[in-house]
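Inspection log for the structure reproduced underneath, given as structure tokens.
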């Protein structure tokens, strides 16, 4: 391993690029499995095509995986598929078979590199690899090698489950088929398929389908083999080596990831010329789904019929923001409260969180996300699969209904969206062999791990990084109230650094006052100002620390409204702007202005100024047609105002956000 | 003049206590006060203008020091001083004209109808301006023969006194004071009507279906927008509320009552909204000689956002807001901090803000400035009652209204008296 590691580090970049593409393809390829086929979607041929597509473009969009994932597993949108891939990545195992044999010393390399993963499989080396890999991930990993498991302690899929995850296996088989010589491929593929079939108890027609899938796989494999044979002669040696190296690349992050990458690499390398089209498809899938546009009448009507929460639409809405939901504030709460005992579909814990969102008791990306996950944890704990139903599907459907309930209470933050995606992925990836109680326990521990690793630990890391940027005598400006920034300031204070804090605040939430109270209570030296005074106060500021609701792929920071103003003024005064944001809040969406996507708050908060009775000129105008009150919640800060983004992966420039989104997305899905 | 003294003191107290709101009202009251001062001033036979100037300066100095931030006061004092000088000059030229036929013809050219500027002080002032102004292209071209007038430009009270001796003194005594008061009346009139003159230009700047953003409240802006509305232009206005004074609420209310489509936003949403805005129109507290603007707090942020999105940033300012001074560190020196109670409840944080508590300075400071400085490079256009101007042209406009001798009112008086 060691020897490989060094090369890996060198080669990493290349490998990574390739690696990302591949996974989505596999999922498609994986589809031949009974489950996937039943679910719908491209099926085996697609799989072939996709790999080739991968090979074509080194630069691809990470999201495709999710979308692709969603296809194979009907209910589970994104995360599930990645997980499967992991198991598939076992497919990486086939790399050894594919590449090693032709290129370098296959046997030596494969065993050593994959040793942990590869138990001695019953079916074939490949199959073995697959199985082994999957176990490795899982904690139990009874059969699994410790090494793999160690890398992914958190993940904990059941290995046994892995077997169940026939899908990955099938994928593997298909993939492997391509590269392998026809005969081998047949055997391997068949073996895998069968395994898969066996494991997939659920699908009745599995056998037939599998056979079809087999045939297709074989045909394609043969075709691919021919193409590959030509291509490989020239290209493979290099690629193969790179792939191998790639396996080693990210030992820390997770062997699984590496495996996946290998698979992808190998696939890509072997079939560069096969097909571009599938890739295109995948890419399209990757693009984040368009959000609901509330100026679309028919869709709004549909949504209303499903809605649990009764909401009256605000009458007097701003023309520019018709595409965003806006409701009369205060109408939902009493309605919801009265329904408390009638709403069976919503778990009480979820219901409680929803009410807290509605009333604004919980705000802030992290707090909302944690509250939601805890509620889901509760809900899962109390969940029992109805008879005749599949736990994975039913639970996912349940969760989806919870989520739509939460959305009705308040639109999801991007961090919550990411967390939900993660959770659904985990559910989709649950091994079918798991008993219900085991599955539930597993999911609950997954959620806990997500909270602790992606949020709490991430914050700690961010604090550690950010504190190095605070020096004695600094004047630090912050806007609003960001939990990460608050932790940074408090930690720096504990370290005995001498600095002053400027808290800039704005209406209508005046969250800065809360932060001010806490900081002053801890003995920090504070200055308080409104956002209008920011250019007055900026002269004395040496650094600006900002929190973020999300960081988008083009480097845009999506955050509390006013952040953009502060960053702009700081930029004009040549003051560095540091944005603190956990990496789980990163999103592949892009945004140029604050209008296309935003959230509207209660308009009445604008016209009323608490504590200032003299400001009442708008009291009687609320019903006027001509007057509209606009209470934006977020805005988008252009990336050129931002000097640095501090995340749990380190301190990066805004241009590196897409890289992080792409590179760490999968790992984050598995945890 | 105990009576006069009382008036001045009352005004001073108002200024010191910041009871006066708005530069227009302040300017008007200052002009009225100075008019009273002039009319009460006893004028000696000799050296009348110098006496008037001294009187105005001594009062003006008091007024300016009472509220150095309210630049309109200083502007009006300087304007009045300038008026006195001009009137004096025009009178001397007229007197010279009486003595000297050839110069009469010159005057004819400049001041078309007024051979004998006895009655119409305004016309005299206009004539005097054209002849006495420091060399501009116009005067250079038109007044080439008027060699006598140009040296007089630099003449101050002392010079004119020497010349005035040659003139008919008895007729002049009354006339100077009378003319000056007439001119000051005209100035007051100008201040009163500057809104209308600015608003008249609205149609040229506001187009159909535009989206206009403004911050805080300004009567000039209100009139401007309404004037465009009356001309059947339909457009939308975003009003940023202008915390912590929330004058945007007042403006929004006014606009709605006049039938304009108005959207009220928080100040923090300015950057979010500016990408859909066609023009930013704001009022100013004062316009400095370099084209910089002292404006209500928050406007620097708006101007930066407008620049980022290439949105024109238009400042409306009556000519009484033109200040002949160049700003130095205006964010601090030409600013004023208001009460923290506008931002925070004292009850909650009082112990943190207590200077007598513990050692040294308190933990908590609250900053609540009144004004912002918008540098000239962020301003696209000034619209004054004399038309639209570039920031770089401001210094020239100022030269029309003020004489260079008065720029530093205070030092003059201290050294002189």
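Brief remarks on what is shown
One line per residue, one yes/no per condition, for (1) surrounded by fewer than 15 Cβ atoms within 10 Å (Cβ to Cβ); (2) at pLDDT below 80; (3) in contact with a helix residue (DSSP H, G or I) (Cβ under 8 Å, 6 or more places away or on another chain):
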site	(1), (2), (3)
A:343	no, yes, yes
A:377	no, no, yes
A:388	yes, no, no
A:419	no, no, yes
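- Contact annotation: residue pairs with Cβ atoms under 8 Å, 6 or more positions apart or on different chains, pairing a residue in segment A:488-507 that is more than 30 Å from residue B:267 (Cβ to Cβ) with a partner that is part of a helix (DSSP H, G or I), are A:491/A:463; A:491/A:467; A:495/A:467; A:497/A:467.
- Restricting segment A:641-659 to residues that are surrounded by 21 or more Cβ atoms within 10 Å (Cβ to Cβ) and under 23 Å from the mean Cα position of the chain (by Cα), the residue that is nearest to the other protein chains (Cβ to nearest Cβ): A:654
- In segment B:222-250, the qualifying residues are those that are in a helix (DSSP H, G or I) and within 9 Å of another protein chain (Cβ to nearest Cβ), and the one that is farthest from the chain's Cα centre (by Cα) is B:249.
- Within segment B:259-283, considering residues that are assigned to a loop (DSSP other than H, G, I, E, B) and facing chain A (nearest Cβ under 9 Å), the one farthest from residue B:204 (Cα to Cα): B:266
- Residues in segment A:529-545 that are surrounded by fewer than 20 Cβ atoms within 10 Å (Cβ to Cβ) and out of contact with any helix residue (DSSP H, G or I) (no Cβ under 8 Å at 6 or more places or on another chain) were compared, and the one that is farthest from the other protein chains (Cβ to nearest Cβ) is A:542.
- Selection of segment A:621-640 for residues being part of a helix (DSSP H, G or I) and at the interface with chain B (Cβ under 9 Å from one of its Cβ atoms) yields only A:621.
- The listed residue being touching a residue at least 24 places away in the same chain (Cβ under 8 Å), within 9 Å of chain B (Cβ to nearest Cβ), touching a helix residue (DSSP H, G or I) at 6+ places or on another chain (Cβ under 8 Å) and in a strand (DSSP E or B), out of A:526, A:565: A:526
- A residue that is under 30 Å from the mean Cα position of the chain (by Cα) and either within 13 Å of chain B (Cβ to nearest Cβ) or closer than 14 Å to residue A:470 by Cα (or both) can be found somewhere in segment A:500-510.
- Selection of segment A:399-415 for residues being outside any loop (DSSP other than H, G, I, E, B), surrounded by 21 or more Cβ atoms within 10 Å (Cβ to Cβ) and out of contact with any strand residue (DSSP E or B) (no Cβ under 7 Å at 6 or more places or on another chain) yields A:399, A:402, A:405, A:406, A:408, A:409.
- Test: residue in segment A:589-605 that is surrounded by 24 or more Cβ atoms within 10 Å (Cβ to Cβ), farther than 22 Å from residue A:326 by Cβ, more than 10 Å from chain B (Cβ to nearest Cβ) and in contact with a strand residue (DSSP E or B) (Cβ under 7 Å, 6 or more places away or on another chain): no
- From A:507, A:449, A:471, residue being modelled with pLDDT under 95 and buried (at least 18 other Cβ atoms within 10 Å of the Cβ): A:507
- Checked against (1) modelled with pLDDT under 95; (2) buried (at least 24 other Cβ atoms within 10 Å of the Cβ); (3) in contact with a strand residue (DSSP E or B) (Cβ under 6 Å, 6 or more places away or on another chain), residue A:584 passes all but a single condition, namely (3).
- Residue match in segment B:333-355 (condition: more than 12 Å from chain A (Cβ to nearest Cβ), out of contact with any strand residue (DSSP E or B) (no Cβ under 7 Å at 6 or more places or on another chain), modelled with pLDDT of 85 or more and crowded, with 21+ Cβ neighbours inside 10 Å): no
The values are calculated or read from the model by the stated rules, or taken from the named source; none is laboratory data. All figures in this text were calculated on a predicted structure; none of them were measured in a lab. No Cβ is skipped: glycine too gets one built from the backbone with ideal geometry, and neighbour counts run over all protein chains shown.
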